[in-house]
Amino acid sequence: MATIKVLENKRIVLGVTGGIAVYKSATICSRLVQAGAVVDVVMTEAAQEFVTPLTFQALTHRPVHTDMFEITARQNIVHISLADAANLLLIAPATANTIAKLANGLADNLLTAVALATPAPTPILLAPAMETDMWLHPATQANMEKLRGWGVNVVGPAEGRLASGAMGPGRMAEPDEVVSMARIILARNRDLAGQRVVVTAGGTREAIDPVRYVSNHSSGKMGYAIAEVARDRGAQVILITTVNRPEPFGVEIVQVESAQQMLEAVLPATREADILVMAAAVADFRPKTMAEQKIKKKGDTQGLTLEMVRNPDILAEVANQKLAGYGPHLTVGFAAETEDLIKNAKSKLKRKKLDLIAANNVAAADAGFAVDTNRVTLLAGDGSIEELPLMSKIEVAEKIFDAVLRLEQANG
Ligand code: CTP
């Protein structure tokens, strides 16, 4: 789903310690490898009680390290060479025991030795997993505080069912969350680092009565792809959405329904933002009034006439904000057209005072609503036009941010 480039060719040391959550580590390992990372697994002795090194060797196609005194082919000292090569040390699951060792600088097995030898700029990510009482114990909490203070990143633990059958905090974060967190950490120095991006997604719903609404076919897929790509390129992202898709980890979600609600969410969110990408399909009209009760049929044949009024133009309001001296310095819109694509997009770019517009023919089967691909033409305020071939929505999102960065650079 998310862009795969962040993890491509990244060296990740995956430390696996002894807890029942190791079954999730195999999924994490597999996702990292599928995303192009080079994964070196280091297992503690306790971890091998739950699963054998063969599982991870089969997933990574690389030797699995368990022995501090292993002689490597190139006569390297294994813990030093692993630590030096790593772009990220991820320990999942991280047991209370390993956390205690890390917080006290112990190096009594290969994994803790790798952790101690990991040079300061290399990020470390822990996914703790243990019974609630162990997690809440002051010793563990103090250890975690110490590790966080040293800049160690932590994902989870979640609340849920534990190995003992009890419910409470201590359950390891789900593989998707752990992998997303790894992406976010590795994206920190990427080209959108430090930028605040607001994205809108989905078609707005304009209520007729408490059970009915007027809307459109927008699935929100393009907006979600934009939010994920911005996150993966290091941005801080707020996604204002009308749809209920799986929430991209690390992205702040604001759920709205109508155009009016979207406007009320966009204006405060963009006050401090750098970039706004309006991928939402905002309804131009809404029913003049929303009936308080469900509208009932009258007679056998009588129809229903709805009076519709204009909705606010969100991009125009943001442009006004910009003229008043605050709001994003760069706005990106979409032009969903069924005819005269370029002509209509050019006039929208101008009329809405946009920096960039992505024009797409929503009538095309492979580039419209609810599909994973899109074919867009990017028109920029500086007059440049870039016609892109059919590509995934993730790739389109990458192209949009390439163009955004080019415009930012040109604007100084
Ligand atoms: N948009 C908006 N507020 C609206 C309508 C649209 O902010 N009330 C934004 C959309 O999110 C999109 C861009 O404006 O980024 C263009 O939307 P589109 O529906 O293609 O254009 P319209 O403004 O509706 O113009 P037209 O009716 O001429 O198609």
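Counted as qualifying within segment 149-206 are the strands (runs of 3 or more DSSP E) with 3 or more residues that are buried (at least 21 other Cβ atoms within 10 Å of the Cβ) and at pLDDT 95 or above, namely 196-201. Scanning segment 17-71 for residues that are of a type in the set (Lys, Arg) and closer than 17 Å to GLU177 by Cβ turns up LYS24, ARG31. Taken together, LEU341, LEU379, LEU349 contain a single residue that is within 14 Å of the ligand (Cβ to nearest atom) and under 27 Å from the mean Cα position of the chain (by Cα), which is LEU379.
Among the residues of segment 1-58, just one is part of a helix (DSSP H, G or I), small (Gly, Ala, Ser) and surrounded by fewer than 16 Cβ atoms within 10 Å (Cβ to Cβ), namely ALA58.
Out of the residues in segment 240-290 that are assigned to a loop (DSSP other than H, G, I, E, B) and among the hydroxyl-bearing types (Ser, Thr, Tyr), state the one that is nearest to the chain's Cα centre (by Cα). Within segment 240-290, the match that is nearest to the chain's Cα centre (by Cα) is THR242.
For segment 310-332, a tally of residues being under 27 Å from the mean Cα position of the chain (by Cα), assigned to a strand (DSSP E or B) and within 11 Å of the ligand (Cβ to nearest atom) returns 2.
Taken over segment 342-383, residues that are without any contact (Cβ under 8 Å) to a residue 40 or more places away in the chain, closer than 22 Å to LEU276 by Cα and assigned to a helix (DSSP H, G or I) amount to 8. Yes or no: segment 218-225 includes at least one residue that is in a loop (DSSP other than H, G, I, E, B), surrounded by fewer than 17 Cβ atoms within 10 Å (Cβ to Cβ) and within 16 Å of the ligand (Cβ to nearest atom). Checking segment 218-225: not a single residue is in a loop (DSSP other than H, G, I, E, B), surrounded by fewer than 17 Cβ atoms within 10 Å (Cβ to Cβ) and within 16 Å of the ligand (Cβ to nearest atom).
For the structure I just gave you, tell me whether VAL6 is modelled with pLDDT under 95, out of contact with any Phe, Trp or Tyr (no Cβ under 7 Å at 6 or more places or on another chain) and either acidic (Asp, Glu) or farther than 20 Å from MET172 by Cβ (or both). Spelling it out, VAL6 is indeed modelled with pLDDT under 95, out of contact with any Phe, Trp or Tyr (no Cβ under 7 Å at 6 or more places or on another chain) and either acidic (Asp, Glu) or farther than 20 Å from MET172 by Cβ (or both).
Scanning segment 185-232 for residues that are within 10 Å of the chain's Cα centre (by Cα) and of a type in the set (Lys, Arg) yields one hit, ARG231. In segment 255-309, the residue that is nearest to the ligand (Cβ to nearest atom) out of those that are among the acidic types (Asp, Glu) and surrounded by fewer than 19 Cβ atoms within 10 Å (Cβ to Cβ) is ASP284.
Of all residues in segment 309-341, those satisfying the criterion of being free of Cβ contacts under 8 Å to residues at least 24 places away in the same chain and among the aliphatic types (A, V, I, L, M) are LEU323, ALA324. Residue-level check: of (1) more than 13 Å from the ligand (Cβ to nearest atom); (2) surrounded by 19 or more Cβ atoms within 10 Å (Cβ to Cβ); (3) modelled with pLDDT of 90 or more, ASN374 misses just (3).
On the stretch given as segment 117-141, residues that are surrounded by 12 or more Cβ atoms within 10 Å (Cβ to Cβ) and free of Cβ contacts under 8 Å to residues at least 12 places away in the same chain total 1.
Inspection of segment 208-215 identifies at least one residue that is assigned to a strand (DSSP E or B), more than 14 Å from the ligand (Cβ to nearest atom) and among the aliphatic types (A, V, I, L, M). In summary, LYS352 fulfils each of the numbered conditions (1) surrounded by fewer than 17 Cβ atoms within 10 Å (Cβ to Cβ); (2) on the phi < 0 side of the Ramachandran plot; (3) of a type outside the set (A, V, I, L, M, F, W, C) with the single exception of condition (1).
With respect to the numbered conditions (1) assigned to a loop (DSSP other than H, G, I, E, B); (2) within 13 Å of the ligand (Cβ to nearest atom); (3) under 17 Å from LEU276 (Cβ atoms), which one is the sole condition not fulfilled by ALA335? Of (1) assigned to a loop (DSSP other than H, G, I, E, B); (2) within 13 Å of the ligand (Cβ to nearest atom); (3) under 17 Å from LEU276 (Cβ atoms), only one is false for ALA335: (1).
The values are calculated or read from the model by the stated rules, or taken from the named source; none is laboratory data. On a predicted model such as this, the values are computed, not experimentally measured, just so you know. Neighbour counts run over all protein chains shown; Cβ positions are idealised from the backbone, glycine included.
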